[in-house]
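Contents: one structure, followed by commentary.
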Amino acid sequence: MALKDLPKEEYVLPGSAACPGCPATIGLRIVLKALGKDTILVVPACCTAVIESWYPSSSFNVPLLNIAFAASAAAASGITSALKKQGKKNINVVVWAGDGGTYDIGIQAMSGAFERETDFIYICYNNQIYSNTGIQRSGATPYGAWTTTTVGGKREFQKDMGAIVRAHNIPYVATACISYPEDLYRKVSKAKEIRGSKYIEILAPCPPGWRFSMDRTIEMGRLAVETGVWPLYEYENGKMTFNGISKAIFEGKFKRKPVEEWLKLQGRFAHLFKPKKDEERIKKFQRHVDEMWEKFRKEFS
Ligand SMILES: Cc1ncc(C[n+]2csc(CCOP(=O)(O)OP(=O)(O)O)c2C)c(N)n1
Ligand code: SF4
């Protein structure tokens with residue numbers, strides 16, 4: 001579906017408390033267009049819990065449950081059970097959580113809900129940091145990135161959350177990026193029609209957290225995909241399909257741009273380039289991305 005053909009209804013209303021150029025609002029706007037009004041959002045502590053409301057106003061036009069950080073997927077299981085008991089069908093129960101609330105603090109509740117086959121969609125908007133509390137590192141923060149708790153650059157690589165979730169054998173796992181709204185819309189629309197647990201992770205480049213100018217959010221997401229740092233895929237019943245540029249990368253029809261092109265535009269990696277270029281860490285970052293694609297080829301060719 002072309003961007004101009006997306007539903008005109010808006011569920012993320014003007015006047016939110018988001019930073020200009022915020023990827024969470026861009027992503028949620030598209031997600032809610034795909035889900036429609038019969039949707040209940042479950043939102044743990046994260047930027048969205050601030051964006052959603054400036055009392056007494058609300059900027060979201062769907063019902064929403066704010067819940068403790070660790071409990072979002074457990075709350076979603078409870079909501080689906082309550083709806084079943086009430087005989088209410090066709091209501092989308094959707095967790096919308098940050099990477100801190102997914103990779104780290106909410107992982108046990110999410111794993112439990114997947115194992116119980118809760119009929120819901122878990123969406124992680126991954127801005128690779130705990131941004132709401134002032135840019136601390138999370139299990140999704142990439143190697144080498146500055147955060148307020150990794151001042152010289154993070155020493156570890158991020159968790160392979162895709163592999164962790166795929167190991168739960170749920171019917172639908174997908175990655176997306178706010179820079180590709182049609183792809184995101186299609187994936188959420190598809191997940192809505194599948195029964196059981198679904199997981200979608202959206203790359204969400206955050207201007208204050210990644211230290212880039214707020215007019216470059218979309219560009220930062222596109223470059224993440226073009227460098228292969230962020231693969232776009234769908235994993236359905238054990239079958240992997242890459243999408244868009246990631247499909248071309250997987251098939252060897254698109255040469256990945258060097259990761260340096262993505263790194264050098266972000267202030268959080270500035271120490272890798274100034275006062276002098278840190279070839280070793282940039283190479284290590286590149287190698288990690290190369291290895292991820294080699295692994296994909298071995299596993300899914
Ligand atoms: C148990 C608990 N620990 C810490 C906090 C403080 N806290 C609120 S939001 C937040 C950061 C959330 O990060 P993430 O899930 O990545 O979402 P983002 O803020 O990036 O949107 C933290 C640490 C909390 N609310 N509850
Ligand atoms: S810190 Fe990042 S994710 Fe949070 S509201 Fe601002 S732009 Fe959005």
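The figures follow:
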quantity: Set of lysines with alpha-carbon distance to Lys255 below 21 Å, sequence-local pairs under 8 removed; calculated: Lys247, Lys264, Lys283, Lys284, Lys295, Lys298
quantity: Compactness relative to 2.2 N^0.38 Å, alpha carbon Rg of region 227-301; calculated: 1.27
quantity: Residue-averaged [θ]222 nm for the chain, counting only DSSP H segments that reach four residues, each worth -39500 (n - 2.57); calculated: -10500 deg cm²/dmol
quantity: Approximate spin-label separation Ser58-Arg211, in nm, with each point projected 7 Å along Cα-to-Cβ; calculated: 3.8 nm
quantity: Per-residue ³J(HN,Hα) for region 159-166, Karplus 6.51 cos²θ - 1.76 cosθ + 1.60, θ = phi - 60°, Hz, x for Gly and Pro; calculated: 5, 8, 5, x, 5, 4, 6, 4
quantity: For the chain: relative contact order, % (alpha-carbon pairs under 8 angstrom, 6 or more apart); calculated: 16 percent
quantity: Value of relative contact order over region 130-194, rounded to a whole percent, pairs C-alpha under 8 Å and six or more apart; calculated: 18 percent
quantity: Region 25-149 - Debye-derived log10 I(q)/I(0), Cα point model, q = 0.15, 0.16 Å⁻¹; calculated: -0.69, -0.78
quantity: Using θ = phi - 60° and Karplus 6.51 cos²θ - 1.76 cosθ + 1.60, couplings along region 253-268 (whole Hz; Gly, Pro as x); calculated: 9, 9, 7, 4, 6, x, 4, 3, 4, 7, 4, 6, 8, 10, x, 5
quantity: Gaussian network model of the chain, Cα within-10 Å springs - most flexible of Pro20, Pro231, Pro207; calculated: Pro20
quantity: Cα-based reach from Lys84 at 19 Å (exclusive), listing lysines while leaving out same-chain residues under 8 positions away; calculated: Lys37, Lys192, Lys198
quantity: Rg/Rh (Cα only; Kirkwood hydrodynamic radius) as it applies to region 3-300; calculated: 0.95
quantity: In degrees, nearest ten, helix 72-85 long axis to first principal axis of the chain (Cα); calculated: 20 degrees
quantity: Pairwise label distance in nanometres, Leu6 with Ser81, each label 7 Å out on the Cα-Cβ vector; calculated: 3.6 nm
quantity: Estimated vicinal HN-Hα couplings, Hz - region 215-224 in sequence order (Karplus 6.51, -1.76, 1.60; Gly, Pro = x); calculated: 8, 10, 4, 5, 4, 5, x, 4, 5, 4
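The numbers here are math on the coordinates, done by the rules we state, and not lab data. Just so we're clear, the structure is a prediction, and the values are computed from it rather than from any experiment. Using ideal geometry, Cβ is built from the backbone for each residue, glycine included, and neighbour counts are taken over all protein chains shown.
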